[in-house]
1. Report yes if Ser97 is surrounded by fewer than 18 Cβ atoms within 10 Å (Cβ to Cβ), over 30 Å from Asp174 (Cβ atoms) and out of contact with any Ser or Thr (no Cβ under 9 Å at 6 or more places or on another chain), otherwise no.
2. Let me spell it out: the conditions are (1) buried (at least 21 other Cβ atoms within 10 Å of the Cβ); (2) among the β-branched types (Val, Ile, Thr); (3) out of contact with any Ser or Thr (no Cβ under 6 Å at 6 or more places or on another chain); (4) not assigned by TED's automatic domain parsing to the domain that holds Asp150, and Val227 meets all of them except one. Which number is the exception?
3. In segment 312-359, which residues are within 22 Å of the chain's Cα centre (by Cα) and not basic (Lys, Arg)?
4. Could you pull out the residue among Glu90, Glu126, Glu116 that is of a type in the set (D, E, K, R) and touching a strand residue (DSSP E or B) at 6+ places or on another chain (Cβ under 6 Å)?
5. Can you work out which of the residues in segment 201-224 that are closer than 28 Å to Leu340 by Cα and out of contact with any helix residue (DSSP H, G or I) (no Cβ under 8 Å at 6 or more places or on another chain) is modelled with the highest pLDDT?
6. For segment 358-381, which positions are under 20 Å from Lys134 (Cβ atoms), in a loop (DSSP other than H, G, I, E, B) and either at pLDDT below 95 or of a type outside the set (A, V, I, L, M) (or both)?
7. So for segment 287-295 (the condition being surrounded by fewer than 19 Cβ atoms within 10 Å (Cβ to Cβ), at pLDDT 95 or above and more than 30 Å from Lys134 (Cα to Cα)), does at least one residue qualify?
8. Restricting the search to segment 1-32, which residues are in contact with a Leu (Cβ under 6 Å, 6 or more places away or on another chain), touching a residue at least 60 places away in the same chain (Cβ under 8 Å) and outside any strand (DSSP E or B)?
Amino acid sequence: MKVSCLQENLARGLNIVSRAVAPRSATLPVLTHVLVATDNGRLRIAATNLELGIGCWIGAKVDEDGAITVPARTLSDLVNLLSAGQLDLEGNTRAQSLHVQSGRTDANIKGIDAAEFPIIPSFNAEGSVQVDPKTLKKLIDQVAFAASTDDSRPAMTGVFTRLDGDTITMAATDGFRLSVCSGRLIEPVTEARSVLIPARAIAEVGRIIGDQQDPIAISITPSHGQVLFHLKDVDVVAQLIDQKFPNYEFIIPKKYETRAVVNTAELLKACKQASIFARDSADIVRLTISAGEAPEVAVAARADETGEDISRLGKEDGVAEASGPTLEIGFNVRYLIDALGAMDKPQVAIEASSPRSAGVIRPIGDDAFLHVLMPINLPRL
């Protein structure tokens, strides 16, 4: 293999695939490597930990085809320190090494035969669906954060994704909160399908999307064991979770007794203030909704060691309306902050029926997204 490419392009490609590199403790040493290979006149960089695989293609001048794997960290650290401009790569299959030359720098990195690198499925347009990148980015940003990080509950570490007609719906829950968001596909599917995608993998897709304008294709392998996201110059492949996702529709409250419409930014600020004190009291905040001529939403937190904080939001602070009986309910403030941070509308509605029933947060003007929060028993004052 003998190729030339720009340092900045190689550095960007290595950064994209780095999240799929296995830790140094991996059983297979090749999983700590990146594959560097020529592919139809371009340079392909790929990494996989067997659960997540990422491939990236960059422009290059190919003088000789070939492939080799080299330690990901070594190559990435070296390339990031090189000066911008052209660099030359030459693979030596006999010595299993990669020669990197840039300016006055000459480096040789020992590698492993590319034949030992696991096969990452290639994109197949047949049976794939397409979605606008902005739509997919929004779905990921508003849902993936609610998934569990507890590997002992594998079903909840995934993002349930359903393709039905011209709609794509994503849902995630960790047992204490639930996020559900829907968007439109560019073309409808002929048959409804549901898969459970690891939240870590789908978060990587959101990170890579960036400012991409071209539609993103999503395909499921014939074995239904993997899902592939085909972006411009990047493919992301993830192992699907073979578990049954909870029937989340039963979790969503169908009615409410108390409701308030609040300015998103003001409520988020109040929650962040309360979190300073709540962190010393199990992250519990007391949310009080009062209706009447002077509607008010109060966010309070108290800790025996650090003190207390209360923010009272009224009409002048963006409380547009409040209805129903006065409600005092406890929530995990970190979950509130996560949910409000995912809202992309200036106003949100908070709905609940009692201190012991789930609360719902909805952005005003966007019926495609909702967030459900389980309440916390409040300590007596």
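The values are calculated or read from the model by the stated rules, or taken from the named source; none is laboratory data. These numbers were taken from a predicted model, which means no experiment stands behind them. We place every Cβ from the backbone using ideal geometry, glycine too, and count neighbours over all the protein chains shown.
1. Details: surrounded by fewer than 18 Cβ atoms within 10 Å (Cβ to Cβ): yes; over 30 Å from Asp174 (Cβ atoms): yes; out of contact with any Ser or Thr (no Cβ under 9 Å at 6 or more places or on another chain): yes.
Yes; evaluated as a whole, the condition is true for this residue.
2. All conditions pass for Val227, except number (4).
3. Looking only at segment 312-359, we keep the residues that are within 22 Å of the chain's Cα centre (by Cα), and these are 332-345.
Selection gives Asn332, Val333, Tyr335, Leu336, Ile337, Asp338, Ala339, Leu340, Gly341, Ala342, Met343, Asp344.
4. Working: Glu126 fails: touching a strand residue (DSSP E or B) at 6+ places or on another chain (Cβ under 6 Å); Glu116 fails: touching a strand residue (DSSP E or B) at 6+ places or on another chain (Cβ under 6 Å).
Answer to the check: Glu90.
5. Ala201
6. Scanning segment 358-381 gives Gly365, Asp366, Asp367.
7. Yes.
8. Gln7, Ala20
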